[in-house]
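Participant: One structure, pasted below without further comment.
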Amino acid sequence: MARSTLFARKTVADICASGEAQGQHLHKSLGAFSITAMGIGAIIGAGIFVLTGTAAAKYAGPGIMLSFAIGGIACAFVGLCYAELAALIPVSGSTYTYTYATLGELFAWIIGWDLILEYAMGAATVAVGWSGYFTSFLANFGIALPGALTGSPGSVVTLADGTTVTGLFNLPAAAIVLLLTALLILGTRESARLNNLMVGVKLFVVVAFILMGIGLVNSAHWTPFIPENTGEFGSFGWSGILRGAAVVFFAFIGFDAVSTAAQEAKNPQRDMPIGILGSLLICTALYIIVSAVMTGLVPYTQLNVADPVAKAVDVIGIPWFSILIKIGAIAGLTTVILVLLYGQSRVFFTMSHDGLLPKVFSHVHPRLRTPWLSQALIGTIVAVIAALVPIDILGELVSIGTLFAFILVCGAVIYLRKSEGQLIRPFKVPGVPIVPVLGIAFCLLLMAALPLDTWIRLVVWLAVGFVIYFAYGRHHSVLRNTP
């Protein structure tokens, strides 16, 4: 196919060769353990500490366990596809790179633009949740931040004495984004060490919650397991289970961000599949067990709160454990922000090398060996968004954008098996094309369960991306301008 067309493709060999030939190599410092920890760090966060209660109370009831199982199955199919592609194409870029090798440049740009919804907007969303837990944690020690500085403009912030004020700027959300951005600029190894430590903290807290709560579960709270549908799609019943799965799908977002670390992995062909599938398996099991304990401790109708895990801990009756849960939540949300900010900069790094974004996004610091200018710009923008935009608007965009990206990953596996079947694959998805097709089907099913206004926002966002591509990207594309 002519390289002047909008659908010009890169071959897998060209992509791998360009990754090795780039003069400014990223530092290869990540092993299988760090990659798995990075995946757990990205996955366990807002979903388990915040969204579980909301989805149970509004959509699925105790059946939220089935919602998590559906989400986990969908991600398992997609995760297998990610593992094959990350081992086959061990360079930065994630879904963007895989799409470039299959559907061509225009679709690669679309997915690269779409990934901003998952990584940058996802980081902003989690930062808002982090702000809520951090403010609550400080309140346990009598420290009260000004209410106007803990909420987005126009939001209602409830103070400790029950009074309310209008938010102006979410300072804690912006501050944590800027702090983690600075850490990522200092180096991948240092960031990975902090991530490993915090992953250990939140895993300890989650497991402690399970062990301390399981003996106090009241099985009567699980009846009815699937509450009767109210007559509206998504409001309990089996449609509620499906809507709940679409909502808590946010809880699984992040395992794919592990694939952006391929170029910094010591042995990507072995370590990437271990990291992706291992982190996904561990987190899915924990989600199902935590949701079972939570709904067994507290009636699902009472879980529509910002801190459902903390509410369930109150039933256990150990005050200091509530503080520990908040520490675990803060650690959990911190690692999610860290990995999503990392993933966004690596996607931009690759797109910049391809000429679709300005060179500033691929400039690597000569000593730190990190894309520091890109990371600083991304961190600043995400901090502003986290400070000014409500969490509900951000969260809706993240889920649908991620599902859209997952569909293209599954399609890429099917395409490359036919177009470049001779390539040696260190890891192969079993049952192709059945497994990738099931991955696509599950993603479409979850997308169909999301509200119409979420679809409209996705279309508008992609339209903006088209304008940027035709105004800049296609004129500077390295592939299109190579003889």
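Just so you know, all these numbers are worked out from the coordinates, no wet-lab data involved. Values in this document were obtained by computation on a predicted structure and should not be read as measured data. As a convention, Cβ positions derive from the backbone with ideal geometry for all residues, glycine included, and neighbour counts pool all protein chains shown.
Participant: Along Cα→Cβ, 7 Å out, is where each label goes; now give me the distance between the ones at residue 318 and residue 143 in nm to one decimal.
Facilitator: Result for the modelled spin labels: 2.4 nm.
Participant: Same structure again: Using label points projected 7 Å from each Cα along Cα→Cβ, tell me how many nm separate residue 233 and residue 165, to one decimal.
Facilitator: The modelled label-to-label distance comes out at 4.3 nm.
Participant: Additional query: Which of 313, 278, 150 sits closest to the plus end of the dipole of region 33-470, meaning its Cα is farthest towards the positive end, when Lys and Arg get +1 and Asp and Glu get -1 on the C-beta?
Facilitator: 278
Participant: Which order do 34, 419, 345, 352 fall in if you start with the one that has the fewest other Cβ atoms within 10 Å?
Facilitator: Ascending number of Cβ neighbours within 10 Å: 419, 352, 34, 345.
Participant: What's the magnitude of the charge dipole for region 417-483 around its Cα centre, counting Lys and Arg as +1 and Asp and Glu as -1 at the beta-carbon? Answer in Debye, nearest 20.
Facilitator: Values: 7 positive and 2 negative charges, 57 e Å.
For this selection, approximately 280 debye.
Participant: Additional query: Does anyone have the angle between helix 452-468 and the longest principal axis of the chain? Alpha-carbon axes, 0 to 90°, nearest 10?
Facilitator: Between helix and principal axis, roughly 30 degrees.
Participant: Something else about it: To the nearest 500 deg cm²/dmol, what mean residue ellipticity at 222 nm is calculated for the chain from DSSP H runs of n ≥ 4 alone, each contributing -39,500 (n - 2.57), summed and divided by the residues?
Facilitator: -20500 deg cm²/dmol
Participant: Determine, for each peptide in 113-123, 196-206, 270-280, the mean count of other beta carbons within 10 angstrom over its residues, then list the peptides with the highest first.
Facilitator: 113-123, 270-280, 196-206
Participant: Taking neighbour Cβ counts within 10 Å as the exposure measure, how do 64, 289 sort from fewest upward? Walk me through the intermediate numbers first.
Facilitator: Details: 64 31, 289 18.
The most exposed by this proxy come first: 289, 64.
Participant: Helix 372-388 sits at what angle to the longest principal axis of the chain, using alpha carbons and giving 0 to 90 degrees rounded to 10?
Facilitator: With rounding to tens, the tilt is 30 degrees.
Participant: Moving on to the next point. First measure r as the distance between the Cβ atoms of residue 216 and residue 422, then evaluate 1/(1 + (r/R0)^6) with R0 = 56 Å and state the FRET efficiency to the nearest 0.05.
Facilitator: On the way: r = 58 Å, r/R0 = 1.04.
It comes out at approximately 0.45.
Participant: Sequence-distant or interchain residues sharing an amide H contact under 5 Å with residue 305, placed H: which?
Facilitator: For residue 305, the qualifying residues are 54.
Participant: Set the Förster distance to 51 Å, then compute FRET efficiency between residue 456 and residue 204 from the Cβ-Cβ distance, nearest 0.05.
Facilitator: 0.75
Participant: Return the FRET efficiency for the residue pair residue 463, residue 365: r is the Cβ-Cβ distance, R0 is 60 Å, and the value is rounded to the nearest 0.05.
Facilitator: Here the calculated transfer efficiency is 0.95.
Participant: Of 203, 88, 472, which is farthest along the charge dipole of the chain in the positive direction, counting Lys and Arg as +1 and Asp and Glu as -1 at C-beta?
Facilitator: After comparing all options, I get 88.
Participant: Kindly put 480, 425 in sequence by how many other C-beta atoms sit within 10 Å of each C-beta, fewest to most.
Facilitator: Working: 480 19, 425 16.
Least to most surrounded, the residues fall as 425, 480.
Participant: Quick query: amide H of residue 150 versus all other amide H atoms, modeled in the peptide plane; which residues come in under 5 Å with a sequence gap of 5 or more or a different chain?
Facilitator: Correct list: 168, 169, 171.
Participant: Right, another one. Please state the charge dipole magnitude for region 33-470, taken about the Cα centre, from unit charges on C-beta atoms (+1 on K and R, -1 on D and E), reported in debye and rounded to the nearest 20.
Facilitator: Magnitude of the dipole: close to 880 debye.
Participant: On C-alpha positions alone, give me the angle between the axis of helix 237-248 and the longest principal axis of the chain, in degrees, nearest 10.
Facilitator: Long axis of 237-248 versus the principal axis of the chain: about 60 degrees.
Participant: Figure the gain on full extension for residue 193 and residue 156 (residue separation times 0.36 nm, minus the Cα-Cα span) and round it to one decimal in nm. Walk me through the numbers on the way to the answer.
Facilitator: Numbers: separation 37, 0.36 × 37 = 13.32 nm, distance 3.72 nm.
That pair, residue 193 and residue 156, stretches by 9.6 nm at full extension.
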